[in-house]
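The structure under discussion appears below in the form of structure tokens.
The values are calculated or read from the model by the stated rules, or taken from the named source; none is laboratory data. As the structure is a computational prediction, the values presented were derived from the model and not from experiment. Please note: Cβ atoms are built from the backbone with ideal geometry, for glycine as well, and neighbour counts cover all protein chains shown. For the accessible areas, the whole protein counts, side chains as well, though only heavy atoms, and no ligand, DNA or RNA atoms are used. Shrake-Rupley method; radii C 1.70, N 1.55, O 1.52, S 1.80 Å.
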Amino acid sequence: MQVNGIIEGSIENIFSAVSRSLAYIGADPTDFALANSMFSRPKHSPMHGIGHIYRTMIGCALLGELLQKPREGLLAFCGAYIHDLARVHDGRDPRHGINAANWHFAKFNHLWDKYQLTEKERIFVRWAVEQHCCHEWLRRGEEGYDVMAILKDADALDRCRFRTNNLRSEWLLYKESKHLIPILESICRRTNTVNEDMSLSNFIKLLD
């Protein structure tokens with residue numbers, strides 16, 4: 001992925017990069033759609049809503065291509081789809097990852113089947129969702145680490161949606177992730193208020 005070839009603020013280039021990264025990890029955006037009724041709290045702000053989830057999924061795809069880890073990127077992308085569905089509020093909610101894995105993962109078995117996730121891969125996705133909002137217990141080199149780390153970095157990269165934008169690059173688990181900061185910031189500027197029911201494919205069209 002030629003990160004330096006993507007001009008910040010260029011909708012055309014970012015749209016192309018996102019489309020290419022989704023194809024690289026093997027994800028079809030028409031398979032994924034979110035509605036506010038799918039969340040544990042249907043009435044919520046955009047802070048942890050549909051736009052944030054889609055940007056995190058996009059971040060997983062971009063990072064999967066950047067790291068040349070297509071399968072890990074796909075698994076993290078699947079985890080991102082459910083990672084914030086169980087939040088009870090927008091503040092510190094350390095159990096929402098565990099709750100998302102317990103309450104929402106099995107609802108999408110038809111998707112995991114379509115993408116031929118093995119039993120071990122499904123465990124990796126659940127682990128990633130559980131650890132995205134707390135101190136990670138998987139260590140580099142262990143099975144499932146890359147799935148968790150891709151999701152965690154993609155989630156962190158969307159901190160641009162906060163007014164304070166207090167992302168610190170040393171928090172990122174991959175040094176490569178910092179190269180995606182301007183791209184995610186550009187996407188965020190155009191989609192930060194998105195919170196209506198929408199498919200991922202329609203969300204991506206907002207970047208075209």
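Results, tabulated for the structure shown:
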| quantity | calculated |
| --- | --- |
| Which of Arg95, Arg190 is most accessible, then next, and so on - probe 1.4 Å | Arg95, Arg190 |
| Ranking by accessible area, most exposed first, for His89, His96 with a 1.4 Å probe | His89, His96 |
| Distant-in-sequence amide H partners of Tyr174 (H built 1.01 Å from N, under 5 Å) | none |
| Rounded to the nearest 10 Å², the accessible area of Lys178 at probe 1.4 Å | 90 |
| Solvent accessible area, Å² - Cys133, 1.4 Å probe, full protein context | 40 |
| Selection from Gly141, Ile204, Gln131, by position along the positive dipole direction of the chain (Cβ) | Gln131 |
| Calculated FRET efficiency for the pair Asn109/Lys43, C-beta based, R₀ 35 Å, to 0.05 | 0.80 |
| Percentage relative contact order, the chain, counting C-alpha pairs under 8 Å, at least six apart | 30 |
| Computed magnitude of the charge dipole of segment 57-208 (debye, nearest 20; Cβ of K, R +1, Cβ of D, E -1) | 240 |
| Nearest-0.05 FRET efficiency for Trp171 and Glu119, computed from C-beta distance (R0 41 Å) | 0.85 |
| Accessible surface ranking that places the most exposed of Asp155, Asp197 first, with a 1.4 angstrom probe | Asp197, Asp155 |
| With every protein chain in place, the chain: carbon and sulfur % of accessible area (1.4 Å) | 51 |
| Accessible-area value, Thr30, 1.4 Å probe, nucleic acids and ligands omitted, Å² | 90 |
| Of Ile82, Ala17, Leu117, farthest towards positive along the dipole that unit charges on Lys, Arg, Asp, Glu beta carbons give the chain | Ile82 |
| Size of electric dipole in segment 153-208: Cβ of Lys, Arg +1 and of Asp, Glu -1, about Cα centre, debye, nearest 20 | 260 |
| Mean accessible surface per residue for the chain, computed with a 1.4 Å probe while every protein chain stays in place, in Å² | 45 |
| Filtered GluC sites (Glu not before Pro), segment 65-145: DSSP coil and at most 13 other beta carbons within 10 Å | Glu142, Glu143 |
| Relative contact order (percent, whole number), segment 77-155, Cα cutoff 8 Å, 6+ residue spacing | 33 |
| Trp137-Ser201 pseudo-label distance in nm [points 7 Å out on the Cα-to-Cβ vector] | 4.0 |
